[in-house]
Amino acid sequence: MSTKQQVLIVEDEPKIAQILVDFLTLEGYLTRVIHHGDEAEAAIKSDMPDCVILDLMLPGKDGLSICKDVRKFSQVPIIMLTARVDEIDRLMGLGFGADDYVCKPFSPREVVARVQAVLRRASLSTPSAHSTTLSFKHITIDTERFECKVNGTTVELTPVEFRLLRSLLSRPGAVLSRESLMHSCYDDSRIVSHRTIDSHMKNLRNKITLADDPQPILQSVYGVGYKLM
Ligand code: CA
């Protein structure tokens, strides 16, 4: 039995699809390419891939509609490819349920890194995951004990701050939208304003930034969200 994880690539441009296939194969993933939007959902239902890379502009059904409809039956991680960077913010705001967004032209390595990140995150959210600690640079959290250590010293976080930090630590370097952070910190998916997230983030940043750090580890990305770096 193969234990390789499968990535389904829904992309109508053969060259782009092939680059993704090449790089993902090198990293040990199985791949399948679908070129037409109308075939994507059937493929997801039959293959049950571990991750989907989904182009926005497709012949037939477009990427956004596919994403929205897939979420009715599957929580498979979806990485959306878009042609315009300014589109990402708008798409995130619409809340179609994609896990990450990558702008074309992209570096294939970057896409592979995103795939690895969403798969790591997906495995963390399964109850069988053994590891309960997440670390990045001087920050470590224990997700079972709800403990946070900064440079080895325990720091008190509120439950919301802890959940925000947990989301950021599960994908260091990736920009998380305020929407996705919101969903990760409120179980009931209540809608809070961006300002609420911003003020939690400000408090969190004050708690996890080292006094002598040249740049804060928690950074805001204008118009998009937040990242750890
Ligand atoms: Ca396309």
Please get the size of the charge dipole for the range 6-124, origin at its Cα centre, with Cβ charges of +1 on Lys and Arg and -1 on Asp and Glu, quoted in debye to the nearest 20.
280
About the Cα centre, charge dipole magnitude for the chain (Lys/Arg +1, Asp/Glu -1 at Cβ), debye
480
Whole-number D in µm²/s for the range 133-228 (Stokes-Einstein; Kirkwood sum over Cα pairs; 37 °C, 0.692 mPa s)
245
Summing -39500 (n - 2.57) over every DSSP H run of at least 4 residues in the chain and dividing by its residue count gives a helix-only mean residue ellipticity at 222 nm, to the nearest 500 deg cm²/dmol, of -12000 deg cm²/dmol
What residues have an amide H closer than 5 Å to that of E147, excluding those fewer than 5 places away on the same chain, when H is modeled at 1.01 Å from N in the peptide plane?
D142
I want to verify a result. In a Gaussian network model of the chain, Cα cutoff 10 Å, which of these has the top mean-square fluctuation: P214, P159, P172?
P214
What do you get for Rg/Rh of the chain when both radii come from the Cα atoms and Rh is the Kirkwood radius?
0.98
Among the listed pairs K202/K227; K15/K45; K68/K227; K4/K68; K61/K227, those beyond 21 Å (Cα-Cα)
K15/K45; K68/K227; K4/K68; K61/K227
Using the heavy atoms of the protein chains alone and a 1.4 angstrom probe, what is the accessible area of the chain per residue in square angstrom?
53
Among V70, V111, V155, which one shows the highest mean-square fluctuation when the chain is modelled as a Gaussian network with alpha-carbon springs under 10 Å?
V155
Sorted from largest down, what three extents in whole angstroms do the Cα atoms of the range 31-147 have along their principal axes?
48, 32, 26
Ranked by GNM mean-square fluctuation in the chain (Cα springs under 10 Å), the top entry among D213, D38, D198 is D213
Rounded to the nearest 10 degrees, what's the angle between the helix 194-208 long axis and the longest principal axis of the chain, both from Cα atoms, 0 to 90?
60
For the chain, with all protein chains present and a 1.4 Å probe, just round the carbon and sulfur fraction of the accessible area to a whole percent.
52
Roughly how many whole Å is it from the C-alpha centroid of the range 152-229 to that of the range 1-57?
31
List the GluC sites (Glu not before Pro) within the range 156-229 that DSSP assigns to loop and that have no more than 12 neighbouring Cβ atoms inside 10 Å.
E156
If unit charges are put on Cβ atoms (+1 for Lys and Arg, -1 for Asp and Glu) and the dipole of the chain is taken about its Cα centre, the option from I141, F23, L228 lying farthest towards the positive end turns out to be I141
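The values are calculated or read from the model by the stated rules, or taken from the named source; none is laboratory data. Since the model is a prediction, treat every value here as computed from it, not as a measurement. Note that we place each Cβ from the backbone using ideal geometry, even for glycine, and neighbour counts take in every protein chain shown. The accessibility values were calculated without ligands, DNA or RNA, using every heavy atom of the protein model including side chains. Shrake-Rupley method; radii C 1.70, N 1.55, O 1.52, S 1.80 Å.
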